[in-house]
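Undergrad: Dumping the structure here so I can ask a few things about it.
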Amino acid sequence: MNFFRGVIGGQAAGPQPSGAETIQKLCDRVASSTLLEDRRDAVRALKSLSKKYRMEVGTQAMDHLINILQTDRSDSEILGYALDTLYNIICNDEEEEQDENAQKQADDLGALFTDKFIQDPEHVTLLLTLLEEFDFHVRWPGVKLLTALLKNQGVQLQGVILVSPMGVSRLMDLLADSREVIRNDGLLLLQQLTKGNAAIQKIVAFENAFERLLDIITEEGSSDGGIVVEDCLLLLLNLLKNNSSNQNFFKEGSYIQRMKPWFEVGDDNSGWSAQKVTNLHLMLQLVRVMVSPVNSPGATASCQKSMYQCGLLQQLCTILMATGVPADILTETINTVSEVIRGSQVNQDYFASVNAPSNPPRPAIVVLLMSMVNERQPFVLRCAVLYCFQCFLYKNQKGQGEIVATLLPSTIDANSISAGQLLCGGLFSADSLSNWCAAVALAHALQDNLTQKEQLLRVQLATSLGKPPVSLLQQCTNILSQGDKIIRRGSKVQTRVGLLMLLCTWISNCPIAVTHFLHNQENVPFLTAQISENLGEDERLVQGLCALLLGICIYYNDNSLENYTKEKLKQLIEKRIGKENFVEKLGFITKHELYSRAAQKPQPVFPSPEQMLFDHEFTKLVKELEGVITKAVHKSSEEEKKEEEVKKTLEQHDNIVTQYKELIREQDSQIQELKEQVASMTSQNEQKQATITQQLSQIQQHKDQYNILKLKLGKENQSQSNSQGDVSQVNGLQTEELTQLREEVEELRKQHTLLQTQLDDKDALINTLRSEAAQTAEGSAGGSENTELLKELEALRSQVQSQSTEINQLQTEREELLRRAEAGSSDVVHSSDGSLDSAKMAELESRLAAQMTETERLKEETKSLSGSRADLEQQLASATSTVAILQTEKAKLQTEVQESKKEQDDLLMLLADQDQKIHSLKQKLKDLGETVEDEDDLDAREQTDDDEEEEEEEEDED
């Protein structure tokens, strides 16, 4: 014990041992002592020396300390000392290190000892096992030690813990510890554990981490809570950021709804503590993680919908319009609202309806735009407002139309400030940042919207008194061409870049806007002059954008202006600029470092206002147009004609393909219908086959029953008297019914003969009618006869149908008779008492045979009658078709007679006109003094000549 007193500080005679020697002696005592108290005192001494002699303790004592953890599990005190000692030599305590070199040495020592500790994965497993100990003196230093190991070598520790059985689950149990210090340090441990490891993040999430963390946040007071709330939020961010699986689990678990109370900040917004600002800032970041533009569109849209339905968006808009909110919270809230509404039509419509609590109330969009174009507002706030406006218009054609409508002459209200007025004011203000923001915002109102590009051409601006108004497009080009006069020198580049981006977005894919731009005679010379000059580095970006604008004028040119057709603009570039020089200037846009930064994400984030040059959506437009413009400039007119011909050929080919596709679709539908018909017919066939099989089986059953009856009649000799009476009764019944059946059959024969006679008469009548129709075209009487014939045929058909019904009834009665006969025979067999002799049996069998023969004959007659009925129906159908043919021929003859009458009437009209003309000509000849003979005179002369000829003939005869 004297030795320990000397080590700890007691007075001892003689020279004091050095630190390394003392540590060596302590290590020997830890390794060799058999008493637990001695080992415990030695480990306590090492703990006290571990901070001052970190290197020596770590080098000499680490193995002994790990051995203590393995062997002395029963004593919590020595375990606590050993864990504290290991923590001191591994942890890099930043507070005690002042200069950079000392800090670097400490970091190196921590990494060195951490590597030594985790060389054997069993050491980490041992540490995880010790964390299950509930004793505070073991669990707390174990949590701190594992946290320090993760800080120094996080990736290696994550790999070991991931493969350790129940490793993550043991660490999750720390959040349920009732001792706050362990729970809070457990949060820090899980923060380090979940950094950059998606697999561990998923395991932690599925270990019910979201529920526990949200409960802790609520218990600690939400946004008004302390550092523990901040740690919980940081852990939630680790679990959700860039982890789509956990984000989906968070949404599906209805945890988004539990975020709404976080943002109920109340009306009293004065005196925000620094911790509350930090907490709320992290909460807003957590919302943005769920709706970030880098997430999959489906997941983002689903979260946006949930945030609107649970009222979270409404709560954020309340903070947005509240007073007294710190500037950084307001900025982050604007960014959060931006991403909650981005691309969601429902959320965008709600945001458009939000009004600021002012008198009179103004739309939130107008209030935000006032901040954007106000140069006294903070730069980050103005960037956030621009992002919010861009997100409001993203894929929102309705919102784009509403913004552009505020600029049109018919909707301008002089008594109120509109979004369009603020944008125009910012576009032409003296502040270059306002110029750029307004130009980009207006460009987003035209993005992928041809209708609004054409509508914006109608906007007129009043420049000064006494001068006519100019269009917005013209004013933008005027500012570009007169930049040195209007814009301050220091901010000229930013303003011109903004205006050029607006013009490129405006006229791209809009031939009408291209025509309006080219109609100004000054624009093309200005662009060519700008591109061809050799200017400084800053101006090269403007030259590239001018080249892009001129290239758009070529690519989307509809050749409506004779002076600025595609070919003439290409010739102008070749003469004034040179094709290679033009393409080089165009390519400078994408080579600019600020272009690459803007292309990374939609949110405009810039270190300083001077670097605010490119918009994210514009970078997409440049990427889309650069290649096609280069090809368009290099193409000759012949190549363009060939391309147009190829396009026409492709269109024709597409039309042919479309026709074939339609034909194939029709054929497919027909094939499908036929398949359905085949399936239906197959099923019907199967049903009929089943019915036939069933009927055959029934017939076979009847035959079997009949054979059994015959066998019973032949074998049994039973009572005669009772059976004789019964037999006579049965036979009498059958004889009467058979007589009645014969009479009915005879009646059917007579009716059949009568029907045959009537049918012959109708055939004769049809032949007569056919001859009459061929001889004359007058069809009135024939038509009535045909009608009567049809009536008679219909009556005949009904008669045949009734006869068929009667035959069916007879067949039914016959079957009933047979059934009753068989039943009677069975009764005879069962009621006999064995006294019937063989003679009577023979007589009975003969009578039954005769009845069966008569029945068969009746069957044959019934079949012949059915055949005759079928023949009659066929003849009737033939007669009906003959009548239809005669009616058709009669109608044709009537039509021909009508046409003949019409032709005769036309001829009579022509003859009448001819006679009238002849009469008028004769009258004219008579008036002229010519001798004209009338037809009556000619007739008289002909009659006289005939008389003279007859007299001469008579004289000759005499």
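The values are calculated or read from the model by the stated rules, or taken from the named source; none is laboratory data. Here the structure is a predicted model, which is why all the values come from computation and not from measurement. Positions of Cβ are backbone-derived with ideal geometry, glycine not excepted, and every protein chain shown enters the neighbour counts. To get the accessible areas, we keep the full protein, side chains included, count just its heavy atoms, and leave off ligands, DNA and RNA. Shrake-Rupley method; radii C 1.70, N 1.55, O 1.52, S 1.80 Å.
Undergrad: Identify, from the list Q684, Q689, Q756, the residue that is surrounded by 10 or more Cβ atoms within 10 Å (Cβ to Cβ), over 60 Å from the mean Cα position of the chain (by Cα) and either at pLDDT 75 or above or of a type in the set (S, T, N, Q) (or both). Steps first, please.
TA: On the way: Q684 fails: over 60 Å from the mean Cα position of the chain (by Cα); Q689 fails: over 60 Å from the mean Cα position of the chain (by Cα).
Testing whether each residue is surrounded by 10 or more Cβ atoms within 10 Å (Cβ to Cβ), over 60 Å from the mean Cα position of the chain (by Cα) and either at pLDDT 75 or above or of a type in the set (S, T, N, Q) (or both) leaves just Q756.
Undergrad: Here's a follow-up. Go through (1) among the hydroxyl-bearing types (S, T, Y); (2) in contact (Cβ under 8 Å) with a residue 12 or more places away in the chain; (3) open to solvent by 40 Å² or more (accessible area, probe 1.4 Å) for S432 and report which single condition fails.
TA: Failed condition: (3).
Undergrad: Please find, among K623, K642, the residue that is in a helix (DSSP H, G or I), open to solvent by 50 Å² or more (accessible area, probe 1.4 Å) and modelled with pLDDT of 90 or more. Write out each step before concluding.
TA: Numbers: K642 fails: modelled with pLDDT of 90 or more.
K623 is the lone residue from the list that is in a helix (DSSP H, G or I), open to solvent by 50 Å² or more (accessible area, probe 1.4 Å) and modelled with pLDDT of 90 or more.
Undergrad: For T888, are the conditions met, namely being in a helix (DSSP H, G or I) and modelled with pLDDT under 75? Walk me through how you get there before you give the answer.
TA: On the way: in a helix (DSSP H, G or I): yes; modelled with pLDDT under 75: no.
The answer is no for T888.
Undergrad: Is there a residue being of a type in the set (V, I, T) and outside any helix (DSSP H, G or I) anywhere in the range 182-189? If you could, list the steps in order and put the result at the bottom.
TA: So the first thing to find is which residues in the range 182-189 are of a type in the set (V, I, T), and the list is 182.
Applying the additional criterion that residues be outside any helix (DSSP H, G or I) yields none.
No; the residues of the range 182-189 include none that is of a type in the set (V, I, T) and outside any helix (DSSP H, G or I).
Undergrad: Do you know which residues across the range 140-163 are open to solvent by less than 10 Å² (accessible area, probe 1.4 Å) and either over 18 Å from G196 (Cα atoms) or without any contact (Cβ under 8 Å) to a residue 12 or more places away in the chain (or both)?
TA: If the condition is that a residue be open to solvent by less than 10 Å² (accessible area, probe 1.4 Å) and either over 18 Å from G196 (Cα atoms) or without any contact (Cβ under 8 Å) to a residue 12 or more places away in the chain (or both), then P141, G142, V143, L145 are the ones that fit.
Undergrad: If you check R73 against the conditions, is it outside any loop (DSSP other than H, G, I, E, B), in the same structural domain as E133 (by the TED database) and either at pLDDT 90 or above or surrounded by 13 or more Cβ atoms within 10 Å (Cβ to Cβ) (or both)?
TA: Numbers: outside any loop (DSSP other than H, G, I, E, B): no; in the same structural domain as E133 (by the TED database): yes; either at pLDDT 90 or above or surrounded by 13 or more Cβ atoms within 10 Å (Cβ to Cβ) (or both): yes.
No; evaluated as a whole, the condition is false for this residue.
Undergrad: Counting only residues that are surrounded by 21 or more Cβ atoms within 10 Å (Cβ to Cβ) and over 12 Å from M283 (Cβ atoms), how many does the range 211-237 have?
TA: Qualifying residue count for the region: 3.
Undergrad: Do you know which of the residues in the range 583-600 that are among the hydrophobic types (A, V, I, L, M, F, W, C) and open to solvent by 20 Å² or more (accessible area, probe 1.4 Å) is farthest from V497 (Cα to Cα)?
TA: Here is the first cut: in the range 583-600, the ones among the hydrophobic types (A, V, I, L, M, F, W, C) are 583, 586, 588-589, 594, 598-599.
Right, trim to open to solvent by 20 Å² or more (accessible area, probe 1.4 Å) and you get 583, 588, 599.
Numbers: V583: 19, F588: 14, A599: 16 Å.
Checked the range 583-600; the qualifying residue farthest from V497 (Cα to Cα) is V583.
Undergrad: Continuing with the same structure: Read through the list (1) of a type in the set (S, T, N, Q); (2) free of Cβ contacts under 8 Å to residues at least 12 places away in the same chain; (3) in a helix (DSSP H, G or I), then give the number of the only condition that Q377 fails.
TA: Unmet condition: (3).
Undergrad: Only one residue in V354, V337 is in contact (Cβ under 8 Å) with a residue 40 or more places away in the chain and aliphatic (A, V, I, L, M). Which one? Step through it out loud before you land on a result.
TA: Working: V354 fails: in contact (Cβ under 8 Å) with a residue 40 or more places away in the chain.
Going through V354, V337 in turn, just one is in contact (Cβ under 8 Å) with a residue 40 or more places away in the chain and aliphatic (A, V, I, L, M): V337.
Undergrad: When you go through S245, S306 one by one, which is the residue that is surrounded by fewer than 17 Cβ atoms within 10 Å (Cβ to Cβ) and farther than 15 Å from I329 by Cβ? Lay out the reasoning, then the answer.
TA: Details: S306 fails: surrounded by fewer than 17 Cβ atoms within 10 Å (Cβ to Cβ).
The unique qualifying residue is S245.
Undergrad: Would it be correct to say that E580 is open to solvent by 20 Å² or more (accessible area, probe 1.4 Å) and free of Cβ contacts under 8 Å to residues at least 12 places away in the same chain? Let's see the steps before the verdict.
TA: Details: open to solvent by 20 Å² or more (accessible area, probe 1.4 Å): yes; free of Cβ contacts under 8 Å to residues at least 12 places away in the same chain: yes.
Yes.
Undergrad: Criterion first (modelled with pLDDT under 95 and open to solvent by less than 10 Å² (accessible area, probe 1.4 Å)) does L175 satisfy it? Working first, answer last.
TA: Details: modelled with pLDDT under 95: yes; open to solvent by less than 10 Å² (accessible area, probe 1.4 Å): no.
The answer is no for L175.
Undergrad: Would a scan of the range 442-450 turn up a residue that is closer than 29 Å to R576 by Cβ and at pLDDT 95 or above? Don't jump to the end; show me each part of the working.
TA: Narrowing the range 442-450 to residues closer than 29 Å to R576 by Cβ: 443.
If we keep only those that are at pLDDT 95 or above too, we end up with 443.
Yes, the conditions are met somewhere in the range 442-450.
Undergrad: Can you tell me which of (1) open to solvent by less than 50 Å² (accessible area, probe 1.4 Å); (2) over 30 Å from I334 (Cβ atoms); (3) modelled with pLDDT of 90 or more is the one L561 doesn't meet?
TA: Unmet condition: (3).
Undergrad: Here's a follow-up. Please determine whether any residue of the range 353-367 is under 28 Å from the mean Cα position of the chain (by Cα) and surrounded by fewer than 21 Cβ atoms within 10 Å (Cβ to Cβ). Reasoning before the result, please.
TA: Restricting attention to the range 353-367, the residues satisfying the condition of being under 28 Å from the mean Cα position of the chain (by Cα) are 353.
Imposing the further condition that a residue be surrounded by fewer than 21 Cβ atoms within 10 Å (Cβ to Cβ) reduces the set to 353.
Within the range 353-367, one or more residues are under 28 Å from the mean Cα position of the chain (by Cα) and surrounded by fewer than 21 Cβ atoms within 10 Å (Cβ to Cβ).
Undergrad: If you don't mind, another one. Condition test on G19, is it exposed (fewer than 13 other Cβ atoms within 10 Å of the Cβ), more than 26 Å from W140 (Cα to Cα) and modelled with pLDDT under 90? Steps first, answer last, please.
TA: Values: exposed (fewer than 13 other Cβ atoms within 10 Å of the Cβ): no; more than 26 Å from W140 (Cα to Cα): yes; modelled with pLDDT under 90: yes.
So G19 does not fit the description; no.
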